[in-house]
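Below: one structure, written as structure tokens.
The values are calculated or read from the model by the stated rules, or taken from the named source; none is laboratory data. Predicted, not measured: the structure shown is a model, and the values here were computed from it. Note that each Cβ is placed from the backbone with ideal geometry, even for glycine, and that neighbours are counted across all protein chains shown. Each accessible area value is taken on the protein alone, full model and side chains, heavy atoms only, with ligands, DNA and RNA left out. Shrake-Rupley method; radii C 1.70, N 1.55, O 1.52, S 1.80 Å.
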There are 2 protein chains.
Amino acid sequence: MKTKESKIPEATIKRLSTYINCLERLQAENNPVTSSEMLGESCQVSPAQIRKDLSYFGEFGVRGVGYDTKKLEGEIKEILGLNHNWPTTVVGVGKLGQALLNFAFFSKHGFRIIAAFDSDENKIGNEIAHGVTILPTTEIEKTVKNEKITIGIITTPADSAQEVADKLVAGGIKGLLNFAPIKVKVPEIITLRNVSITSELDNLAYLLTQKKR
Amino acid sequence: MKTKESKIPEATIKRLSTYINCLERLQAENNPVTSSEMLGESCQVSPAQIRKDLSYFGEFGVRGVGYDTKKLEGEIKEILGLNHNWPTTVVGVGKLGQALLNFAFFSKHGFRIIAAFDSDENKIGNEIAHGVTILPTTEIEKTVKNEKITIGIITTPADSAQEVADKLVAGGIKGLLNFAPIKVKVPEIITLRNVSITSELDNLAYLLTQKKR
DNA sequence: GCAACAATGTGATAACTCTCACAGGATCGT
DNA sequence: ACGATCCTGTGAGAGTTATCACATTGTTGC
């Protein structure tokens, strides 16, 4: 399985992620095989869109039959690189950080939480998972370097996000996911995604305002 | 000037939301006036993109000068409908729900938390904010109806998301923001946004995998 | 009052993404 | 073995979004 070297839409990648969820559900509902139509129904994407998305990466179905749900899930995980074991850290163990740490998601998608950091002295030393205790943020650079952590998740307040990002970068992080409500800046080499949870609410407000008129 | 709004890209709406954040920061940094270049630098969007985005809604700047940061922030909030006072509820007061409730964001963007619900009996009755206590999910329909709640935020586990959505809809909710890792289905009339936090992580994994090759 | 300048607003164009329709290939029944 | 049927994979085209270049218009200095 090798990618054709055309550029792949970002939206496609986003959808692939949701396909995994839907395929899991379909399996749980006893569907060893599915069609692009059934999968589309399940995750609210058009069948043609699904086939197109998959076609960027190869051929995963059987014509006249459909897709093996379990196999397809594995293929998509392969495509997204979720079969790696990404050493990951969470910085900022507030409510949002804890919410993320709670998700069963991490292990299922190949992310291994190696460390967690916070600046609150009361939290330091607390165990957040099997063998992972909260460290002070002063330890970020050293720990990232020693443990070869590749992914950093920033769930701090806005005013410390950039500082934390700098420390992670100094430690040699490869990818950053920033949930703080401010866009952080890092060197070109770092893969960065700024996620704005709240903008979804703004978006909803806009759509509702439109509908009224 | 077109009479009926031509279709505005969803991406534009998303960016407008981030412009608000950046404009606030610029104001905090003592910039009463900014240019599309400075604002673009601040929120990592091209100057042309910013001007185009704004042009969908009117003319907000002064040629040769730029934009009044405070005024523009107000204009964008007006466009997004954040000057309304949206009666809002959060269903599922787990870590993610609590994280959202903690954000100062709500009041600043015109969302007023009217009620919160959870199915955990130990949480029911707890006060989460000035005068808002957690109610059992059995009260959803009645409360939404009585309080005329228009926006519902779902932060439950996947397996109760659809059930909760149905109750909110039964109560007459207008817009739904679903953070549960499963797409819920609601009647056409309801404005719905399914948000997948975890897909951002998958996306990051993909980008990192690509970079390696 | 006017020229030089600065930064917006926008039509034209390029780039990207989705949709459609159907060809390709597998399976099933007879 | 063969036709009917099914569902995938994909090129072509429609539709959407971003970029570019510059005309436009307000400001400033002399």
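Putting +1 on Lys and Arg Cβ atoms and -1 on Asp and Glu Cβ atoms, find which of A:Gly131, A:Ile153, A:Ile190 reaches farthest to the positive end of the dipole of chain A.
Comparing the listed Cα positions along the dipole, A:Ile190 ranks first.
Treat each spin label as a single point 7 Å out from the Cα along the C-beta direction, and report the B:Asn30 to B:Lys148 distance in nm.
Distance between label points: 4.6 nm.
Just going by the charge dipole of the range A:37-142, with Lys and Arg at +1 and Asp and Glu at -1 on Cβ, which of A:Val90, A:Ser46, A:Val65 is farthest out on the positive end?
So the residue we want is A:Val65.
Using alpha carbon centroids, what distance separates the range B:97-153 and the range A:68-127, in Å?
The two parts, judged by their Cα centres, are 28 Å apart.
Just to confirm the numbers: B:Ala170, label point 7 angstrom along the Cα-Cβ line, distances to the other copies in nm, shortest first?
Once sorted, the set of distances for B:Ala170 reads 5.6 nm.
If you take the accessible area of B alone plus A alone and subtract the pair, what total do you get in square angstrom, rounded to 100, with a 1.4 Å probe?
The summed interface area works out to 6100 Å².
Report, in deg cm²/dmol and to the nearest 500, the calculated mean residue ellipticity at 222 nm for the protein assembly as shown, where each DSSP H run with n ≥ 4 adds -39500 (n - 2.57) and the sum is divided by the residue count.
My calculation for the protein assembly as shown gives -14000 deg cm²/dmol from helical runs alone.
Rounded to the nearest 20 Debye, what is the dipole magnitude of the range A:47-194 about its Cα centre when Lys and Arg each give +1 and Asp and Glu each give -1 at the C-beta?
That gives a dipole near 480 debye.
For peptide B:150-160, compute the average count of partner chain beta-carbon atoms within 10 Å of each residue's beta-carbon.
2
Past 29 Å, Cα to Cα, is the threshold; run A:Lys108/B:Lys212; B:Lys183/B:Lys212; A:Lys52/A:Lys167; A:Lys71/B:Lys95 against it and keep the listed order.
B:Lys183/B:Lys212; A:Lys52/A:Lys167; A:Lys71/B:Lys95
I'd like the projected area of the protein assembly as shown, averaged over all directions, using the convex hull of its alpha carbons. Report it in nm² with one decimal.
22.9
At R0 = 51 Å, how high is the FRET efficiency between A:Lys52 and A:Glu121 if r is their beta carbon distance? Nearest 0.05 is fine.
That pair, A:Lys52 with A:Glu121, gives E of 0.45.
Mind checking the mean number of beta-carbon atoms from other chains within 10 Å of the Cβ atoms in B:18-31?
Mean inter-chain Cβ contacts per residue within 10 Å come to 2.
How much solvent-accessible surface does A:Tyr67 expose, in Å² to the nearest 10, with a 1.4 Å probe and all protein chains in place?
Around 30 Å² of this residue is reachable by solvent.
Which value, in Å² and to the nearest 10, is the accessible area of A:Glu10 when all protein chains are kept and the probe is 1.4 Å?
Accessible surface of A:Glu10 is approximately 100 Å².
Once you place label points 7 Å from the Cα toward the Cβ at B:Thr133 and A:Ala170, how far apart are they in nm?
Reported label-point gap for B:Thr133 and A:Ala170 is 4.9 nm.
What is the magnitude of the charge dipole of the range B:10-78 about its Cα centre, with +1 placed on the Cβ of each Lys and Arg, -1 on the Cβ of each Asp and Glu, and no other charges, expressed in debye to the nearest 20?
Charge dipole, the range B:10-78, about its Cα centre: 80 debye, nearest 20.
Which distances in nm, rounded to one decimal and ordered from shortest, link the label point of B:Glu121 to the equivalent label points in the other identical copies, with labels set 7 Å from Cα toward Cβ?
For B:Glu121, the inter-copy label distances come out at 4.1 nm.
For A:Tyr56, go 7 angstrom from Cα along the Cα-to-Cβ vector, then report the distances to that same point in the other copies in nm, smallest first.
Values, ascending and in nm: 2.2.
If r is the Cβ-Cβ distance from B:Asn83 to B:Ala11 and R0 is 22 Å, what FRET efficiency results, to the nearest 0.05?
My answer for the efficiency is 0.45.
What is the percent carbon and sulfur in the accessible area of chain B, measuring with a 1.4 Å probe over the protein chains and ignoring ligands?
51
Quick one: putting +1 on the C-beta of Lys and Arg, -1 on the C-beta of Asp and Glu, what dipole do you get for the protein assembly as shown around its Cα centre, in Debye to the nearest 20?
1180
Considering all projection directions equally, how large on average is the shadow of the alpha-carbon convex hull of the range A:10-78, in square nanometres?
That works out to 4.0 nm².
Two-decimal Rg/Rh of the range B:86-199 from alpha-carbon positions, Kirkwood Rh?
Radius of gyration over Kirkwood radius for the range B:86-199 works out to 0.92.
When ranked by the protection proxy of mean other Cβ atoms within 10 Å per residue, highest first, what sequence do the peptides B:194-204, B:123-133, B:23-33 form?
B:194-204, B:23-33, B:123-133
For chain B, what is the accessible area per residue in Å², given a 1.4 Å probe and the full set of protein chains?
49
Within 10 Å of each Cβ in peptide A:39-45, how many partner chain Cβ atoms are there on average? Round it to a whole number, please.
2
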